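Structure first, commentary second.
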Protein chains: 2
Amino acid sequence: MDTALSEPQSSVATAGATAAVRQALAACEHVVLGPLKLDCGVTLDRYRVAYRTWGKLNAEKSNAVLICHALTMDQFVAGMHPVTGKPGWGETLVGPGRPIDPERYFIICANVLGGCMGSTGPLDIDPRTGELYNLSFPVVTIRDMVRAQAALVDHLGIETLFCVTGGSMGGMLVLQWAALYPERVFSAVPIATAARHSAQNIAFHEVGRQAIMADPDWHGGNYAAHGTRPARGLAVARMAAHITYLSETALQRKFGRQLQNRDALGFGFDADFQVESYLHHQGRSFVERFDANAYLYITRAMDYFDLAEAYGGTLATAFRGTPTRFCLISFTSDWLFPTAESRDIVRALNAVAANVSFVEIESDKGHDAFLLDEPEMFRTLSGFLRGAGNARGLRP
Amino acid sequence: MDTALSEPQSSVATAGATAAVRQALAACEHVVLGPLKLDCGVTLDRYRVAYRTWGKLNAEKSNAVLICHALTMDQFVAGMHPVTGKPGWGETLVGPGRPIDPERYFIICANVLGGCMGSTGPLDIDPRTGELYNLSFPVVTIRDMVRAQAALVDHLGIETLFCVTGGSMGGMLVLQWAALYPERVFSAVPIATAARHSAQNIAFHEVGRQAIMADPDWHGGNYAAHGTRPARGLAVARMAAHITYLSETALQRKFGRQLQNRDALGFGFDADFQVESYLHHQGRSFVERFDANAYLYITRAMDYFDLAEAYGGTLATAFRGTPTRFCLISFTSDWLFPTAESRDIVRALNAVAANVSFVEIESDKGHDAFLLDEPEMFRTLSGFLRGAGNARGLRP
């Protein structure tokens, strides 16, 4: 870790986090890197990437797996999350005997640039002004996030990653990795994702952003200086988004029209239905762990993602000559990143004769399936990694 | 019109409407009725129903068509809307040569109880206190709305309606009419609707309500007294809801990833994409014409709708022995009220050997299709009304 550079300063604390959170994040692995020229034209002289690793890099440096996290996730895939005190978001994915096993792989997961779990983002102090960036932080793209991750991978002394994988936004990063650094990605597993964000998904994100920015406690993004947080707006944003992560079937099965702690309708505007209580809980708990400005930046990065754009509008061109082995996974009830989006990617890969397999998994759990204990997803991933590992010469 | 009773007072003006709006609404047809015992147990001694009619009731009083409006619509189906100055929401549905032709039918459309276009709702003054109801207005149900409409139909001297029709929430009213007053409904055309509001739809409504109630300008519903309006919260609610009215295909076709008035991404949080500008416009224009508290009440009524509940949980029982002829219409790309919901109603009607036809119309326009100029919907409706008219002995 390069500690010679003066470190970019994070202000998680001033944005509402407790001293304990600040300490917890400061104690986590991170590295200071730079410079990085962003797609918007701005150059970050220095930036911090917070990350976690599990397992050991082998002598050949051929067993590194990079996990790219989704919109509101972070580097804490496994083990206890230092902020929430809960298990990591990928407890069933990463661990001994799990599909991504630290006994076999050197596993890396990094908080994305623009995030709020230790990597440089709007919560940081702008070194030019000594003030918080807030909305003066440059808008970053998925490609910027990937470039920052590549610098981390350089720092770790790894030339070629055995596998890059991730779901949802994480899948966008996987695709961008394969397009930008084909020789550095031996295999890629983009899950429940798309090569470009759809109009409907941009629309849902914009509703969330508008909810945040409509909250007077947002103060044009300068809430830290006002000692406030746009908690209500962020909770509404989360509630709206959360619906899109589930399927109608899952909601009906889990909640239906069941009432919450009552025998009859309340004839009021409290939460009568369990599904309402559940949403309230989702909103409240999200506000505890996530920063509103970071939510604006990361949703924007997803909206801006259109992989084909830099390749003359033809997605296949992004993968021309790719040596990477791909395995795509989608879920039947995912209406946020429906199977058709994965199929478009498979078609583009086929058009350039790439090595690609594709599995659509039957699930009624909606987009969220990619975060859940889905045996068929794990079987698919494990099987693919075994085959790719043989091809890579990894010891079984 | 019963002008002997002192009229319940509306306060559309204090809730943000202009004097011109107040005058316009005051000049519209309305009637004062009562008492009405509501499902919540409260009795409204007097209530006002604002309505419009077109055409003439025939001597046999057998040609009356009642149109039930959707969540944010009103009695102004055709002609100029006195508040917005725009054509009515059903210009292509109602009019000479249209499927519901005033030369043939006596057409009635009434603002629902709890609404904000002249019928009694949270904008009214509570006669017991002389203050605005706001959130002390009783929570009304779809059944309450139908009972109020039935009193209007009584007032108009009509025993049996030739047809009751409506889409979305309007379709819920149609179903409730047929269940509550089978002998008064000769034919019924519920469009793009459901016999109960789904968990997903309740969830979306709750997001909208939370957005309104999170707006500090809402003031616990007492915004009129504070001279404010929860415009930002209501706009966010509308934006979220609006996405659910469209299909992903329609959004992709209309907007895709097209940029708004710019050649390149703006790397900021203004509306880069056309779909964002469109949503902003939807939010802004809705706030001009609709009241936030009324939105709370009407969404709640929809959430509470579960027709089978009063019939031991068996939908078919609601229609046992029904003499009504039904025609159900759904749209293939409607994911808010998907075809499966209409099919459940058809199955229930079949189970009691009711006279029912059902047409699922191919459309990529989503739920909104029921409000649009959909030739196949109009052909279906016209054909059904012609057949029912013959059975009813209406002159061609």
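The values are calculated or read from the model by the stated rules, or taken from the named source; none is laboratory data. None of these values were measured; they are calculated from a predicted model. Virtual Cβ from ideal backbone geometry, glycine too; neighbours counted across all protein chains shown.
Couple of notes before you dig in:
- Screening B:Arg147 on (1) within 14 Å of another protein chain (Cβ to nearest Cβ); (2) in a helix (DSSP H, G or I); (3) within 18 Å of the chain's Cα centre (by Cα) shows it passes everything except condition (1).
- Residues that are among the charged types (D, E, K, R), closer than 19 Å to B:Met302 by Cβ and loosely packed, with under 14 Cβ neighbours inside 10 Å within region A:263-290 comprise just one, A:Asp270.
- Every residue from region B:237-274 that is facing chain A (nearest Cβ under 7 Å) and under 33 Å from the mean Cα position of the chain (by Cα): B:Met239, B:Ala240, B:Ile243, B:Glu248, B:Leu251, B:Gln252, B:Phe255, B:Gly256, B:Arg257, B:Phe273
- Some residue of region B:200-209 being crowded, with 22+ Cβ neighbours inside 10 Å, more than 20 Å from the chain's Cα centre (by Cα) and either within 14 Å of B:Ala292 (Cβ to Cβ) or within 7 Å of another protein chain (Cβ to nearest Cβ) (or both): no
- Residue within region A:190-199 that is away from every other protein chain (no Cβ under 14 Å), touching a Ser or Thr at 6+ places or on another chain (Cβ under 7 Å) and not aliphatic (A, V, I, L, M) present: yes
- Within region B:44-88, the residues that satisfy the criterion of being farther than 25 Å from B:Gly389 by Cα and assigned to a strand (DSSP E or B) are B:Leu44, B:Tyr47, B:Arg48, B:Val49, B:Ala50, B:Met80, B:Pro87.
- Candidates A:Gln252, A:Gln258 - the one that is surrounded by fewer than 18 Cβ atoms within 10 Å (Cβ to Cβ) and without any contact (Cβ under 8 Å) to a residue 12 or more places away in the chain: A:Gln252
- Looking across region B:288-306, the residues that are of a type in the set (A, V, I, L, M, F, W, C) and closer than 22 Å to B:Leu180 by Cα come down to B:Ile298, B:Ala301, B:Met302, B:Phe305.
- Just so you know, in region B:318-354 the residues that are among the hydroxyl-bearing types (Ser, Thr, Tyr) and more than 17 Å from B:Ala188 (Cβ to Cβ) include one that is farthest from the other protein chains (Cβ to nearest Cβ), and it is B:Thr332.
- Among the candidates B:Tyr311, B:Tyr297, residue that is within 12 Å of chain A (Cβ to nearest Cβ) and among the hydroxyl-bearing types (Ser, Thr, Tyr): B:Tyr297
- Matching residues in region B:340-396 - criterion: being under 23 Å from the mean Cα position of the chain (by Cα), within 18 Å of B:Leu307 (Cβ to Cβ) and without any contact (Cβ under 8 Å) to a residue 12 or more places away in the chain: B:Ala340
- Residue match in region A:168-186 (condition: within 12 Å of another protein chain (Cβ to nearest Cβ) and in contact (Cβ under 8 Å) with a residue 12 or more places away in the chain): no
- Pick from region A:214-236, criterion buried (at least 22 other Cβ atoms within 10 Å of the Cβ) and facing chain B (nearest Cβ under 9 Å), ranking: farthest from A:Ala310 (Cα to Cα): A:Arg232
- Filter pass, B:Val31 being outside any loop (DSSP other than H, G, I, E, B), at pLDDT 95 or above and away from chain A (no Cβ under 14 Å): yes
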